[in-house]
Amino acid sequence: MRRSRRAPSIVPNDAENIYLVEDNLGPNGCVWREADSAHTDRETVIADLMSGQYSDPLRVIAFNPAEYWCEDVSEDVAREIQRRCDLACEDVSSTLENFVNHYAGFERQMALRSA
């Protein structure tokens with residue numbers, strides 16, 4: 001009887017969701033931005049977006065190779081960015097304005113800051 005040999009997985013057993021940003025570099029085209037694998041979690045990607053590390057983000061994709069799924073999470077990320085800006089009583093930065101307007105839209109309720 002012949003056993004099927006399966007290659008060992010390159011995905012760590014404790015793999016979590018990975019977030020990548022597609023960025024528009026203008027005349028240089030669109031790219032999936034390079035990221036340190038230790039810094040592809042949701043919180044880091046949102047912080048990087050809000051700190052202006054992307055020139056013109058187009059979308060955010062989340063995936064989990066261990067669980068075999070992939071999803072466009074742009075709307076969730078845009079809404080979270082808008083929520084954080086609302087709580088801080090700040091405008092969305094100019095580099096994120098198109099992204100947030102496209103995915104979060106204008107149908108939003110202002111987040112209230114707790115006292």
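Each reported figure results from applying straightforward, stated rules to the coordinates on display, with no laboratory input. Fair warning: this is a prediction, and the values are worked out from it, not measured in the lab. So basically every Cβ, Gly included, is an ideal-geometry build from the backbone, and we count neighbours across all protein chains shown.
Quick one: E34, E90, fewest Cβ neighbours within 10 Å first, how do they rank?
Details: E34 6, E90 10.
Sorted ascending by nearby Cβ count, the order is E34, E90.
Sort S93, S37, S55 so the one with the fewest other Cβ atoms within 10 Å of its own Cβ comes first.
S37, S55, S93
Could you tell me the calculated FRET efficiency between N28 and D76, based on Cβ-Cβ distance and R0 = 35 angstrom, to the nearest 0.05?
Here the calculated transfer efficiency is 0.80.
Search the structure for amide H atoms under 5 Å from the amide H of V73, placed 1.01 Å from N in the peptide plane, and list their residues when 5 or more places away or on another chain.
It is V60, I61, A62, by chain and number.
How long are the semi-axes of the equivalent ellipsoid of the range 18-104, defined as square roots of 5 times the Cα gyration tensor eigenvalues? Whole Å, largest first.
20, 16, 12
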